[in-house]
Amino acid sequence: MRAVTLQASGRVQGVGFRWATKAAADKCGVNGIVRNLMDGSVFIEAEGEDQRVQVFIDVIRQSPTDFGRVDQLTVHEAEPQNYHNFRITN
């Protein structure tokens, strides 16, 4: 089990980024949350099998939506929160 927090900045709000992130998480088989932050970035917590989490990170790095653009992605290892699904929290 691997757990990470991600913070994506760039054109990530107002372009369907959270919805596309949820779809990517569901496709990759990872659980967690995604939410907008007040500074215009997007915060993600993701957990699952190591390889699935890595594929998910790679998808986010490339932007899960054609309308978005990730200029910077910060990835930190985290403690698992035992999420049972992936959801948008705001």
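The values are calculated or read from the model by the stated rules, or taken from the named source; none is laboratory data. Treat the numbers as computed from the prediction; the structure is a model and nothing was measured. Cβ atoms come from the backbone with ideal geometry, glycine included; neighbour counts cover every protein chain shown. When the accessible area is computed, the model is the full protein with side chains, heavy atoms only, and any ligands, DNA or RNA have been set aside. Shrake-Rupley method; radii C 1.70, N 1.55, O 1.52, S 1.80 Å.
Multiplying the residue separation of residue 54 and residue 23 by 0.36 nm and removing their Cα-Cα distance gives an extension gain of 9.6 nm. Only Cα pairs under 8 Å and 6+ residues apart enter the sum, and on that basis the relative contact order of segment 22-90 stands at 45 percent.
Which distance in nm do the two modelled labels at residue 82 and residue 62 give, with both placed 7 Å along the Cα-to-Cβ direction? Rounded to a tenth, the inter-label distance reads 3.5 nm.
For the chain, the longest principal axis of the C-alpha atoms and the axis of helix 17-28 are separated by about 30°.
Accessible surface area normalised per residue over segment 1-87 is 57 Å², counting heavy atoms of protein chains with a 1.4 Å rolling probe. Principal-axis analysis of the Cα atoms of the chain puts helix 50-61 at an angle of about 0° to the longest axis. The mean of 1/r over all pairs of different alpha-carbon atoms in the chain, once inverted, gives a Kirkwood hydrodynamic radius of 12.5 Å. Expressed as a whole percent, the accessible surface of segment 18-86 that belongs to carbon and sulfur atoms is 47, based on a 1.4 Å probe. Mean residue ellipticity at 222 nm, helices only, the chain: -8500 deg cm²/dmol; runs of at least 4 DSSP H residues each add -39,500 (n - 2.57), and the sum is divided by the number of residues. With K and R counted +1 and D and E -1, the other residues having a Cβ less than 14 Å from that of residue 79 yield a net charge of -2. With every protein chain in place and a 1.4 angstrom probe, the accessible-area ranking of 84, 76, largest first, reads 84, 76.
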